[in-house]
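The values are calculated or read from the model by the stated rules, or taken from the named source; none is laboratory data. All values reported here derive from a predicted model rather than from experimental measurement. Glycine gets a Cβ as well: all are built from the backbone with ideal geometry, and neighbour counts include every protein chain shown. For the accessible areas, the whole protein counts, side chains as well, though only heavy atoms, and no ligand, DNA or RNA atoms are used. Shrake-Rupley method; radii C 1.70, N 1.55, O 1.52, S 1.80 Å.
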Amino acid sequence: MNILIKSATILDSKSDFHNTTQDILVEGGLITQIGKQLKNPKKYKEIALENLHISQGWFDSSVSFGEPGFEERETIANGIKTAALSGFTAVAINPNTKPVIDSSSDVSFIISKAQNNAVTVLPIGALTQGGKGVDLAELYDMKNAGAIAFYDYKKPITNPNLLKIALQYASNFGALVCSFPQENKISGLGVMNENVTSTSLGLKGNPALAEELQVARDLFLLEYTGGKLHIPTISTAKSVELIKAAKAKKLDVSCSVAIHNLYFTDEYLTDFNTNFKVKPPLRTPADIDALIEGVKDGTIDMVTSDHNPLDIELKKVEFDHAAYGSIGLESAFGALHQKFTLKKTIDILSKGKSRFGLEQTPITIGAKINATLFNPNLKYTFSKKHIHSKSQNAIFDGASLKGEVYGIISNNITVLK
């Protein structure tokens, strides 16, 4: 791949060209020159786009595609296309498939299906067999096959001894264990945040306490085992406080938050729109403030779209019976840029790589190009026309967003809208 990128503003704190507008020459997938008004004697393809900005390729730590088993929701091929057009050069794929990704052969299947694409697909293996929370899955074999972490997607490990054993066992080969923060005996049949809004709507509530008890339990187990823990998609102010205290103790813990939990409160559920039914549930303005502060001060290590395509039959039903989840890749950049400065937004989208075993890819001469191209200034209302996923369950449908993604250059492949 040989291309000349014209007049691109480089946003990469690891690059000597950070915050400058340059031409970038790419030959054979390597950045060979960066400078002002570079010549193009070999007549390579040129990329010249309005208000073009470029950064290190973005990473999302929690993405669901459906295949195998739920291809009607999303396929790996179209999921990769969606990720690329949303600016992501790498995505971690959840094991909520059918069958669940709980063996080395399952991991190998995902990797083989995703080969030779601009987006690097990183499988997360199930922590327990079939994701049932009873017996540990083949963690070591899956790690050797390419699994980057282990997680029963959106399912808490109810048996604390099982999580203890998982942390101890996985520490022998440096594996990352993920534990969904919910105590089922407290959350019960709750379908939204337990608050005055749930009472007024007549919906069963899932209290913040259900998350916080689980977070506290898991952190105690981590302190005992000395393992390596990731707590995905926290949603409450107390969870931020607990994790901050654990990091002060030097525990090896990381956490993430879903973008929609930074954006929407439980009050958005007043018209029973099932696109707002997510897990963990939307919380209160005070929780959002604490989560945003946690992102800013580094307590929260990464922000995820928590992209989860669901077909219409799972969403166009009564609220109590609707499935949890929303697509989010397409709206991720625009939503974050509404909440944070451009510099912080790009930092957020580039973070989390090292925790999941990915290398940083600075925009510098001699490096392989792994980059996202975008225009940060475009303002628009997110709608169906912006969706590339097979499923349409978008929590950000109708939201005002800021920033347009042009595409990515990665793995010696260019994908542009």
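Structure notes:
- Between VAL91, VAL100, VAL134, VAL107, the distinction of being outside the structural domain of ILE369 (by the TED database) and either in a strand (DSSP E or B) or at pLDDT below 95 (or both) belongs to VAL91 only.
- Selection status of ALA126, closer than 19 Å to GLY357 by Cα and open to solvent by less than 10 Å² (accessible area, probe 1.4 Å): yes
- Selection count, the stretch 275-293, where residues are open to solvent by less than 30 Å² (accessible area, probe 1.4 Å), in contact (Cβ under 8 Å) with a residue 60 or more places away in the chain and closer than 21 Å to SER331 by Cα: 8
- For first residues located in the stretch 180-195 and touching a residue at least 24 places away in the same chain (Cβ under 8 Å), partners that are polar (S, T, N, Q) and assigned to a helix (DSSP H, G or I) and lie 6+ apart or on another chain with Cβ distances below 7 Å form the pairs PRO181/GLN214; PRO181/SER239; GLN182/GLN214; GLU183/GLN214; MET192/SER198.
- Each residue in the stretch 36-50 was checked for being in a loop (DSSP other than H, G, I, E, B) and surrounded by 12 or more Cβ atoms within 10 Å (Cβ to Cβ), and 4 of them qualify.
- Residues in the stretch 87-118 that are aliphatic (A, V, I, L, M), surrounded by fewer than 24 Cβ atoms within 10 Å (Cβ to Cβ) and out of contact with any Asp or Glu (no Cβ under 8 Å at 6 or more places or on another chain): ILE111, ALA114, ALA118.
- Out of GLU211, GLU241, one residue alone is acidic (Asp, Glu) and either closer than 16 Å to TYR324 by Cβ or part of a loop (DSSP other than H, G, I, E, B) (or both). It is GLU211.
- Residue check for GLU404: charged (D, E, K, R), more than 26 Å from GLU313 (Cα to Cα) and not in a strand (DSSP E or B): no
One line per residue, one yes/no per condition, for (1) outside the structural domain of PHE150 (by the TED database); (2) open to solvent by less than 10 Å² (accessible area, probe 1.4 Å):
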site: GLU318; (1), (2): no, no
site: HIS337; (1), (2): no, no
site: ASP397; (1), (2): yes, no
site: SER410; (1), (2): yes, yes
